[in-house]
Amino acid sequence: MLISHSYIKVAAVTDHDSVRGCKPTVELASAYPDILIIPGVEISTSQGDVVVLGTDELPPRPWTPEVVVDFAKSVGGVSIVAHPYREYGMGDRARNYKVDAIEVLNGGSGQAANNQAKDLAKSMGLPGTAGSDAHQVSELFSVFSQVDAALDVDAVLKAIKKGFVSPQAARGSIRF
Ligand SMILES: [Zn+2]
């Protein structure tokens, strides 16, 4: 999930291999002009998980990293290597693909894995993002990406690609 300034304004919906939750979430949030929903998906590619932000459609198959990264580019979205050094992560194979960013702070990963991801992003010269990896409500907002952009999907996506993003830990700061 993402925020702008010091409070939560933006959330990304990125279910595993499904975009079913995107449109209903955008519709629900439309009642709140100060909340922006970024549709997306986490694709289980043949080489590891890749998050695409900025789509409410699935990429075409086969779900290789190349196809998914090209798809993200074609829809003006952002491709992010999710939790590279955890289960279902790409690890060093991420170096072989033209992804837009690396998830360097994953709410479900340990510190060692996140540090390795930070090193990967640095050595690839790519922006680092944060993702809660929330699978239930209580896991939301554990970490977030602070994005310096207007409250607009395209503006947020472009800002991430340009590196105007900083991963932040917020564990326990928001409770339900
Ligand atoms: Zn994943």
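Bear in mind that the values in this text are calculations on the coordinates, not laboratory data. Being a predicted model, the structure only gives us computed values, none of them experimental.
For region 71-167, the square roots of the Cα gyration tensor eigenvalues, ordered a ≥ b ≥ c, give a/c of at least 1.5 with a/b no greater than b/c, which places it in the oblate category. Each helix, a run of at least 4 DSSP H residues, gives -39500 (n - 2.57); summed and divided by the residues of the chain, these come to -7000 deg cm²/dmol at 222 nm. Taking amide hydrogens as placed 1.01 Å from N in the peptide plane, the amide H of Leu36 sits under 5 Å from those of Val10, Ala11, each at least 5 positions away in sequence or on another chain. What shape does region 1-131 have by the C-alpha gyration tensor, where a ≥ b ≥ c are the square roots of the eigenvalues, rounded means a/c under 1.5, and otherwise prolate means a/b greater than b/c and oblate the rest? It comes out oblate by the Cα gyration axes. Bridge orientation summary for region 28-176: considering DSSP beta bridges with both residues in this region, about 70 percent are antiparallel. Shape verdict for region 102-154, please, from the Cα gyration tensor: rounded (a/c under 1.5), prolate (a/b greater than b/c) or oblate. Oblate, because a/c is 1.5 or more while a/b does not exceed b/c.
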